[in-house]
Protein chains: 4
Amino acid sequence: MQLGMIGLGRMGADLVRRLMRHGHQCVVHDVHPSAIAALQQEGATGAASLDQMMSLLEGPRILWLMVPAAAVEAALADLGPRLAPGDIVIDGGNSYYRDDMRRSVELGARGVHFIDVGTSGGIAGLARGYCLMIGGEEDVVVYLTPLFTALASTTDGVAKPKPDGIGRTMGLDAPTAASGYLYCGLSGAGHFVKMIHNGIEYGMMAAYSEGLNILKCANIGAQQGAADAEVTPLHHPEYYQYTFNLADIAEVWRHGSVIDSWLLGKVAEVLRTDPTLAQFAGHVSDSGEGRWSIEAAIDEAVPAPVLSAALYARFSSRGQSVFADQLLSAMRYAFGGHVDLAVPVTPRDA
Amino acid sequence: MQLGMIGLGRMGADLVRRLMRHGHQCVVHDVHPSAIAALQQEGATGAASLDQMMSLLEGPRILWLMVPAAAVEAALADLGPRLAPGDIVIDGGNSYYRDDMRRSVELGARGVHFIDVGTSGGIAGLARGYCLMIGGEEDVVVYLTPLFTALASTTDGVAKPKPDGIGRTMGLDAPTAASGYLYCGLSGAGHFVKMIHNGIEYGMMAAYSEGLNILKCANIGAQQGAADAEVTPLHHPEYYQYTFNLADIAEVWRHGSVIDSWLLGKVAEVLRTDPTLAQFAGHVSDSGEGRWSIEAAIDEAVPAPVLSAALYARFSSRGQSVFADQLLSAMRYAFGGHVDLAVPVTPRDA
Amino acid sequence: MQLGMIGLGRMGADLVRRLMRHGHQCVVHDVHPSAIAALQQEGATGAASLDQMMSLLEGPRILWLMVPAAAVEAALADLGPRLAPGDIVIDGGNSYYRDDMRRSVELGARGVHFIDVGTSGGIAGLARGYCLMIGGEEDVVVYLTPLFTALASTTDGVAKPKPDGIGRTMGLDAPTAASGYLYCGLSGAGHFVKMIHNGIEYGMMAAYSEGLNILKCANIGAQQGAADAEVTPLHHPEYYQYTFNLADIAEVWRHGSVIDSWLLGKVAEVLRTDPTLAQFAGHVSDSGEGRWSIEAAIDEAVPAPVLSAALYARFSSRGQSVFADQLLSAMRYAFGGHVDLAVPVTPRDA
Amino acid sequence: MQLGMIGLGRMGADLVRRLMRHGHQCVVHDVHPSAIAALQQEGATGAASLDQMMSLLEGPRILWLMVPAAAVEAALADLGPRLAPGDIVIDGGNSYYRDDMRRSVELGARGVHFIDVGTSGGIAGLARGYCLMIGGEEDVVVYLTPLFTALASTTDGVAKPKPDGIGRTMGLDAPTAASGYLYCGLSGAGHFVKMIHNGIEYGMMAAYSEGLNILKCANIGAQQGAADAEVTPLHHPEYYQYTFNLADIAEVWRHGSVIDSWLLGKVAEVLRTDPTLAQFAGHVSDSGEGRWSIEAAIDEAVPAPVLSAALYARFSSRGQSVFADQLLSAMRYAFGGHVDLAVPVTPRDA
């Protein structure tokens, strides 16, 4: 098929490459001409402007937006007047599903189809394919199947167990799910499912991080406990004398354990390369999906303590709890005369 | 009654003062001679050594230990050989209730009574009296009643509503509870109840701190959002334009609200004195009770998410999550090429 | 002053009573005629309809809405066409602050003033006065001062320490805060502060509940442990042999402890009256403020683990985690062949 | 090698099968004769008693205990007098690492070697091999290598990328880790690492469960909201109209997403087989490792909010929060007259 890609960052460019490998024709545009030029060299057709892109695409046009969530509104404002009835706009980024709902109505009023696609896979997606969660009008999604099979993780459209024979889902009756893409429902459904995917991702990442942090500190009993009177002494230092090799532990867990995962492969990799992680300050960003997942949980009155804790750890890592912490110290001083530490036990940026 | 106080820090010295005000005779000892001298000037009898203290007290002796939890074992080792059958040792500090159990057996084998007293009230206790949670042999506790009534918050031994008539407990049938001291059960019961008291204290303190932190940041929509691409933009800045006076808010809550408390008085006080809390770095200490509360919850299989979250916030405030945070950043980089912030949004020690 | 009260439920009726005690004139309306009749007997002027109410009030009219948050929109729709420029509408319920913002603009366009008042105090407020958190145009709030001083907890408008001399805030310079009412800021500010008040309330309630639950289960070591192979045996049953009197413990904490509070008085009261709490099924409701507090925390990127955990405990108490729990059991069975319990350890409705 | 296996439950029997497949000679014992008989038919040598087992094994004997953690102490008491210097005892179950430390000293005093092995893999381990985390004397572990390579996930002892080429750890320099077994350190190290493995497992399981629960309830806006006045109405029902196919979603995430894992395979499998999970009551058990992980975190002062939340969800699922919930309802009634629900929103056992 022929497709116009708007936004040629890390993800957009790789999507184009994978589409071209599967024989699709790509017209590409970005605010940075160099990004266009790079993909032109790989076989894409560059479009210096939206107008040029529209003229290069045959109707009904298929336009894939791959821009930051915060830039989608402006991109659609630019694109809108140029669209014709029958055209299809795909938002493959990390948009809020409620924005999808509104946008599909707005564009639908003018005969334009709007499809939301949650795209997971990161920088590995180019090689192994992406996981696609799709929302919008079902017949439009079916029409776009050739694009999805090209991008998805398993591309032959047939349910297939993983090569290692492990974790195979029995009784598969949803061939597309097993092929790495799924029609999830009406407008917004794709980004809703992607939102929860990311919420779970935060929880899994935090589970590994907390567990490995406990392992890292398992030698605390061997450290010189210059006992601060305000901090409890360790009752049994003899139980905390282990110096673990975290990289090896992450690696061994990848082979036959219950907690093996794709993310664990990344954990093992980063610990192997940089065991102290000294290059990372640890002020962890969060994109919107983790927040919106909690918002959905609360709207639905569904408890989500793990996903919330994972999100809050990121907020705290960025210094957002400092005032609350100061207030705790202030209270302790006011009621008990306690004087807290002037410097942290573990300096963050040492 | 006559009592020997060992440990004349903030709490020990004030206990002596309050006991003397109620006519009790105090022999006092501390490792710092100046602490002994200060109380001598207020009417106590100083003892330069444990031997001198033992000779100054009439049998059966009553000895009150008021030393850090980590120092109790050594203090009892010093004291042990000097004790005679019938003597009573009271541990009024923040000891682990399991240590009480062991110590009461060890001392009991030699005819010495061991009583554990959880003491709450902080530096305000001298003026308003303490809340005492008591464990050990019941007849010994009854024998010590004159000391407890002197120290406790309401000293006439009669159930009495609070002066403001608010929050009065109906149908009181436990006069000592309403008088500020309570026999809680066999050895360790006093410190067990005090342990949970402190666990709850952590939870309450965190509730106020989190709530006021949200109020403090309610003007985030008015700040220059130099939108970092890795952090979600605020969807509706117009909803976060409030600049609240936190000291006034803490104060107004003290008058008729559901969340009024003694701690809230402290919150209002510290915010009035130092609205930015700049003198506090916010590396919050924790004594053992908060930790042991969680340990008890887990042993009992009782969920304690609020008390745990409050404890963990203190750990994080001291930099103990840094490695976990670094690992999150490292994973984000490894799977998505994301580059996290080099400096926190809110510098802790600015 | 003269005021029209719309909504004569628990809170609305008591507000009217307290206003009348302070000499204010109240015209009252409710959808239930009996509620009107009851207050008429106490001296209020009944209005059978909104039209009648409007005609009974002199302009500029003051109208206080005290209806459920979900009913405010309809009430304003009814009221709107009847309002004249200069009239003042006060929403004293638990509305979402964002609705206040919108409503103040809508009514403001027609010259009507809209004031939002967060009202705390519960059924005790009639006797001891309410805590009022107020938002809207400042000059209108000042104009309404006689109403607020009548309703507030300390009514003479002078900063006054509490009768028991405890917890007095030093250096007060905000007389109205110390009098139980506070102008918090522009439209929505009152309900924003009340929202966080309730968020904190949830956290405090959960702290007490968790702590007392740990105390209640402190005798677990004495119970017949018909050891289920799927549940860890208690390593040290000898440490969990206490049978605590929770009512006495709650009571003693009210006298001199750090965790004394108005809520603790309620805890002591309910445990005294009904030690097993058998009359309560424990499916705990939540009003909107707890949820909106978390939403605000997330929008501001402020960690709120304690407030969230408190909210989630309520969701779980209503059975909202059941599917998640089932999925955990299903996973355990799938990967390890583990068979979980058919009935809970502690039957909820026994 | 020749090995005696004591305990022929699910795990013990499969370990024997896998060892025999790799040419090792197994003498087997269990308290149930039928378990012995079953493995005899598959080629093992049955031992009706410990005495018989000891006589069938050549010295130095290798004995592998695979019994519940609570039964290890009794098993060692039986075994102890029968052991000779040079014999090796391996505890492959889920023992507490502190017990390992003590046992290795006790047995070591008599010349017996004690090795602790954390064994992950569940019922899939027989086919794909186990992940082994090993502690004790290093030279003894090296001596046992043939057993570990037989049991481990990748059995040729050479670092090998996974078949699908995904998640390969770069720069491997720990061949045994990449082969599915790892020497972690001195006595207890194996079970310490396994303990944290299970802590992480709980966190991951909870992350999936919470996320899928949010997806399951995404149609809440379409349900008849017989608005209970005590529960907040949904502001925007139009945003919660999705009915998702959870089995398909779990499946699609297995193909190229960031949250793919071995556990996710199990999730997809159980949802495919039984979409409503009606066969599971959802009273989730927990073995000791999850609890001990939190205990270690607290001893080390390392925050573990996600792992704790996951553990607490299991406690709550078993009804352990009921008293706390009842107390919340009781407080709400006492201060505000609120009457909570008599039945849960989602009946657990419906």
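The values are calculated or read from the model by the stated rules, or taken from the named source; none is laboratory data. Only a predicted model underlies this, so the values are computations on that prediction, with no experimental measurement involved. So basically every Cβ, Gly included, is an ideal-geometry build from the backbone, and we count neighbours across all protein chains shown.
So the values come out like this:
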| quantity | calculated |
| --- | --- |
| Matching residues in segment B:132-154 - criterion: being without any contact (Cβ under 8 Å) to a residue 60 or more places away in the chain and assigned to a strand (DSSP E or B) | B:LEU132, B:ILE134, B:GLY135, B:ALA152 |
| In segment B:224-241, residue surrounded by the fewest Cβ atoms within 10 Å (Cβ to Cβ) [restricted to those that are at pLDDT 70 or above and within 13 Å of chain A (Cβ to nearest Cβ)] | B:HIS236 |
| Selection status of B:GLY211, closer than 30 Å to A:GLY93 by Cα and in contact with a His (Cβ under 9 Å, 6 or more places away or on another chain) | no |
| Counted residues, segment B:154-178 - those being modelled with pLDDT of 85 or more and facing another protein chain (nearest Cβ under 7 Å) | 2 |
| Residue list for segment B:255-296, filter: among the acidic types (Asp, Glu), in a helix (DSSP H, G or I) and under 22 Å from B:GLY121 (Cα atoms) | B:GLU269, B:GLU289 |
| C:ALA70 vs. criteria in the same structural domain as C:ASP116 (by the TED database), modelled with pLDDT under 95 and not β-branched (Val, Ile, Thr) | yes |
| A:VAL258 being touching an Asp or Glu at 6+ places or on another chain (Cβ under 8 Å), of a type in the set (A, V, I, L, M, F, W, C) and assigned by the TED database to the domain that holds A:ALA206 | yes |
| Count - residues of segment D:296-309 that are more than 9 Å from chain C (Cβ to nearest Cβ) and under 20 Å from C:GLN320 (Cβ atoms) | 2 |
| Filter pass, A:ASP248 being crowded, with 22+ Cβ neighbours inside 10 Å and either acidic (Asp, Glu) or farther than 29 Å from D:LEU263 by Cβ (or both) | yes |
| Test: residue in segment A:197-215 that is modelled with pLDDT under 90 and closer than 28 Å to D:ALA127 by Cβ | no |
| Residue satisfying all of: in segment D:1-57; acidic (Asp, Glu) and over 27 Å from D:ALA84 (Cα atoms); surrounded by the most Cβ atoms within 10 Å (Cβ to Cβ) among these | D:ASP14 |
| Scan of segment A:13-40 for residues that are aliphatic (A, V, I, L, M) and in contact with an Asp or Glu (Cβ under 9 Å, 6 or more places away or on another chain), ordered by number | A:ALA13, A:VAL16, A:MET20, A:ILE36, A:LEU39 |
| Residue among C:GLN326, C:GLN320 that is among the polar types (S, T, N, Q) and not in a loop (DSSP other than H, G, I, E, B) | C:GLN326 |
| Filtered residue count, segment D:104-116, keeping only those that are under 25 Å from A:TRP253 (Cβ atoms) and within 14 Å of another protein chain (Cβ to nearest Cβ) | 2 |
| Number of positions in segment C:244-292 that are among the polar types (S, T, N, Q) and more than 27 Å from C:ARG128 (Cα to Cα) | 3 |
| Out of D:LEU126, D:LEU83, D:LEU79, sole residue that is in contact with an Asp or Glu (Cβ under 6 Å, 6 or more places away or on another chain) and farther than 27 Å from A:TYR240 by Cα | D:LEU126 |
| Elements of type helices (runs of 4 or more DSSP H) in segment D:48-124, at least 1 residues being among the hydrophobic types (A, V, I, L, M, F, W, C) and within 26 Å of the chain's Cα centre (by Cα) | D:69-79, D:97-108 |
| Condition check for A:SER329: within 26 Å of B:GLY211 (Cβ to Cβ), facing chain D (nearest Cβ under 8 Å) and hydroxyl-bearing (Ser, Thr, Tyr) | no |
| Flag for B:GLY282 being under 29 Å from A:TYR333 (Cβ atoms) and at pLDDT below 95 | yes |
| Qualifying residue in segment A:265-285 (condition: of a type in the set (A, V, I, L, M), closer than 30 Å to D:HIS236 by Cα and either facing another protein chain (nearest Cβ under 7 Å) or crowded, with 24+ Cβ neighbours inside 10 Å (or both)) | no |
| Considering residues of segment A:3-24 that are without any contact (Cβ under 8 Å) to a residue 40 or more places away in the chain and touching a Leu at 6+ places or on another chain (Cβ under 7 Å) only, the residue nearest to A:GLY59 (Cα to Cα) | A:VAL16 |
| From the options B:SER316, B:SER293, residue that is in contact with a helix residue (DSSP H, G or I) (Cβ under 8 Å, 6 or more places away or on another chain), within 7 Å of chain C (Cβ to nearest Cβ) and among the polar types (S, T, N, Q) | B:SER293 |
| Test: residue in segment B:287-298 that is closer than 26 Å to A:ASP340 by Cα, aromatic (Phe, Trp, Tyr) and touching a Lys or Arg at 6+ places or on another chain (Cβ under 9 Å) | yes |
| Verdict on B:VAL252 being aliphatic (A, V, I, L, M), within 12 Å of chain C (Cβ to nearest Cβ), closer than 26 Å to C:ALA178 by Cα and in a loop (DSSP other than H, G, I, E, B) | no |
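For (1) over 17 Å from D:MET195 (Cα atoms); (2) within 14 Å of chain A (Cβ to nearest Cβ); (3) aliphatic (A, V, I, L, M), each residue gets a yes or a no:
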site	(1), (2), (3)
D:ALA35	yes, no, yes
D:GLN41	yes, no, no
D:THR45	yes, no, no
D:ALA69	no, no, yes
D:GLY93	no, no, no
D:ASP100	no, yes, no
D:GLY118	no, yes, no
